[in-house]
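Any read-out appearing in this document is the output of simple, stated calculations on the displayed coordinates, not a laboratory observation. Because the structure is a prediction, the values reported are computed rather than measured. FYI the Cβ positions are ideal-geometry reconstructions off the backbone, even for glycines, and counts take in every protein chain you see.
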């Protein structure tokens, strides 16, 4: 609440979250909406990872909180739910006025997504969706493994995320910036990560690791990382 002032024009929510994998409960989604309503601002709800939640958690869309879309714009796509990352096909759900204004801008900038991409997206959405559940179950296995392996390493703390496909371990005891650590890992042992500092200054001791790789690659990469870490501490 203390971050919101008269100059704030929108509240942006990203749940499940990138980079942490954290998720907001329905109660917290409602609190976020009420906060926006109290300050007469709009809510941009980024729900691109909505299908990727674990441990029986039920993701709440902001559309459930604001079904009339009076002050809500939901942003999502098929990159995560249907593994169509390279197709760059997304969508927005909002009230008539908002979508009409967005359409004017898009028509004069990108025009539209490629037609073959739209056809593929339509098939993805109208076909059997059981593969999503299988994908989520596999991601949960990988999450459990990588989280366990990180927490086995002395000096690293790694929370168990409830969504998305990232872990965000804290390397604060190594005394190096996230950019320095990321460069070390890439150049010395061939492991690519995202430095936490790019997500905000207070995350500069964190690194984002994706577990979208195979379980075998995750285990091999973690073994290499575990062996390398004592050389820089």
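Below are the figures for this structure:
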read-out	value
CD proxy at 222 nm, helix term only [per DSSP H run n ≥ 4: -39500 (n - 2.57); per residue of the chain; nearest 500]	-12000 deg cm²/dmol
Cα pair distances exceeding 15 angstrom across region 130-231, given as percent	61 percent
Inter-probe distance in nm under a simple model that places probes 7 Å from Cα toward Cβ, at residue 57 and residue 213	2.3 nm
Between helix 115-126 and the chain: long-axis angle, C-alpha atoms, 0 to 90°, nearest 10	90 degrees
Net lengthening on full extension, residue 88/residue 27 (0.36 nm per residue, minus Cα-Cα)	18.8 nm
Within region 1-27: backbone nitrogen closer than 17 Å to the residue 42 label point (7 Å, Cα to C-beta)	7-14
Net lengthening on full extension, residue 228/residue 35 (0.36 nm per residue, minus Cα-Cα)	64.9 nm
Residue 103/residue 64 FRET efficiency (R0 25 Å; Cβ-Cβ; nearest 0.05)	0.50
Euclidean distance of C-alpha centroids, region 1-20 and region 132-195, integer Å	25 Å
DSSP bridge orientation in region 10-126 - percent antiparallel, rounded to nearest 5	30 percent
At R0 = 41 Å, FRET efficiency that the Cβ-Cβ distance of residue 140 and residue 1 yields, to 0.05	0.75
Between 0 and 90°, nearest 10: helix 26-38 axis offset from the chain longest Cα axis	50 degrees
Folded to 0 to 90 degrees: helix 215-228 orientation relative to the chain principal axis, Cα	50 degrees
Rounded to 5, percent antiparallel among DSSP beta bridges of the chain	55 percent
Mean Cα-pair separation over length for the chain, i.e. relative contact order, pairs under 8 Å, 6 or more apart, %	18 percent
Cα-derived Rg over Rh, computed across the chain with Rh taken as Kirkwood radius	1.00
Where N is the number of residues in region 10-126, Cα Rg divided by 2.2 N^0.38 Å	1.12
